[in-house]
Amino acid sequence: MLQVKRLDQITFVHSEVLAHIPGIVHAFSTRRGDQPNLTLGPHSSPNPMVQINRVRFLAAIGAAGWPIMKLKQVHSGSVADIIDTSAANDAIEADAAVTNLKGIALGIQTADCVPILISDLRGKAVAAIHAGWRGTAARIAETGVLRLSAKFSLNPKDLAASIVPHIGVCCYEVGEDVVRTINNPAVFEQKLEWSKPHLNLARANRQQLMDAGMSEERVEISSLCTRCRGDLFYSYRRDGMKTGHMLSVIGIVP
């Protein structure tokens with residue numbers, strides 16, 4: 001179960017499954033700070049409040065002063081190996097990252113897409129994954145688990161994952177091109193009141209995690225929909241180009 005917490009006037013979402021792993025810091029931001037307009041992205045924003053908000057967010061979750069590794073997210077199937085802190089300054093083009101470095105935060109920016117945070121049960125290595133429908137079609141979640149496992153000699157069954165808040169199947173209407181591209185009827189739903197099929201991103205990415213060897217009981221899924229919960233989250237589907245961004249982070253305590 002995921003929990004909504006508030007510390008130092010910053011509201012964030014915390015994963016129970018990851019909280020039980022020693023030495024792991026993680027969180028998913030919301031729009032609620034002093035005012036309901038706390039945005040943490042994009043990392044390239046000229047708005048100085050984005051960087052100030054990131055500093056406040058990291059301090060609230062117990063990662064004060066940690067550099068955030070930046071990804072240039074392009075809705076791909078690419079996974080980056082973070083072997084130094086250069087990505088704190090120069091964003092790497094990828095939609096997932098893995099590392100065993102301590103004292104840094106892997107960061108994923110979203111405003112409806114699925115963020116997935118992963119750690120091994122000993123807290124020795126972590127991954128952060130960004131999966132919209134294109135990333136899901138590219139099987140970014142499966143690739144991320146396989147890279148994390150191979151890079152650090154881990155058994156996927158010894159990994160825990162949290163699929164944190166994202167647009168729910170209730171709101172994620174898609175076209176037939178998406179249905180054809182993903183080509184998995186089990187992850188789509190259709191109701192009489194819906195004019196088009198809806199994609200269940202959580203179900204699709206949970207299946208990919210399991211296809212990579214993870215245990216179902218160690219995959220946690222948020223039921224919070226970013227489009228429905230305008231009090232907590234930004235949503236591109238709801239607000240369009242003017243929307244802010246949430247930030248999901250995970251890292252290992254030095």
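Please treat every number below as a calculation from the coordinates, not as lab data. Note that the coordinates shown come from a computational prediction; the quantities given were computed from them, not determined experimentally. Cβ atoms come from the backbone with ideal geometry, glycine included; neighbour counts cover every protein chain shown.
Seen from Q35, the other residues with C-beta closer than 14 Å to its C-beta sum to a net charge of +2, counting Lys and Arg as +1 and Asp and Glu as -1. Find out how many positive minus negative residues lie around G168, taking Lys and Arg as positive, Asp and Glu as negative, among other residues whose Cβ is under 14 Å from that of G168. The answer is +4.
Is there a pair in K70/K124; K5/K242; K72/K242; K102/K242 whose C-alpha atoms are over 29 Å apart, and which pairs would that be?
K102/K242
Tell me the relative contact order for the stretch 31-88 as a rounded percent, counting alpha carbon contacts under 8 Å between residues six or more apart. Worked out over the stretch 31-88, it gives 22 percent. Put in order of Cβ neighbour count within 10 Å, fewest first, the listed residues M246, M241, M1 become M241, M1, M246. Taking a Cβ cut-off of under 11 Å around A87, the surrounding Lys, Arg, Asp and Glu residues balance to a net charge of -2, with basic ones at +1 and acidic ones at -1. The H on the amide N of M69, modeled in the peptide plane, is under 5 Å from the matching H of A105, L106, G107, each at least 5 residues off or on a different chain. Fully extending the segment from I83 to R180, taken as 0.36 nm per residue of separation minus the present Cα-Cα distance, adds 31.2 nm. Between the labelled values (1) 1, 6, 12, 16, 17, 15, 10, 8, 6, 3, 2, 1, 1, 1, 0, 0, 0; (2) 1, 7, 15, 20, 21, 17, 11, 6, 2, 0, 0; (3) 1, 6, 11, 13, 14, 15, 16, 13, 8, 3, 1, 0, the entry that holds P(r) over Cα pairs in 5 Å bins from 0, in percent as derived from this structure is (2). Once the trypsin sites (Lys or Arg not before Pro) in DSSP loops with at most 13 neighbouring Cβ atoms within 10 Å are cut out of the chain, the longest remaining piece is 1-121. Taking label points 7 Å from Cα along the Cα-to-Cβ direction, R122 and K102 give a separation of 1.4 nm. Stretched out straight at 0.36 nm per residue, the stretch from K191 to I92 would grow longer than its current Cα-Cα span by 31.6 nm. By the count of other C-beta atoms within 10 Å, a proxy for reagent exposure, T243, T181 are ordered fewest to most as T181, T243. Taking every DSSP bridge with both residues inside the chain, close to 75 percent are antiparallel. Length gained on full extension, F152 to L7: 48.9 nm, using 0.36 nm per residue less the C-alpha separation. Taking S86, S119, S235 in turn, the Gaussian network model of the chain (Cα-Cα springs below 10 Å) assigns the largest fluctuation to S86. Helix content alone sets the calculated 222 nm mean residue ellipticity of the chain: runs of n ≥ 4 DSSP H residues at -39500 (n - 2.57) each, divided across all residues, give -6000 deg cm²/dmol.
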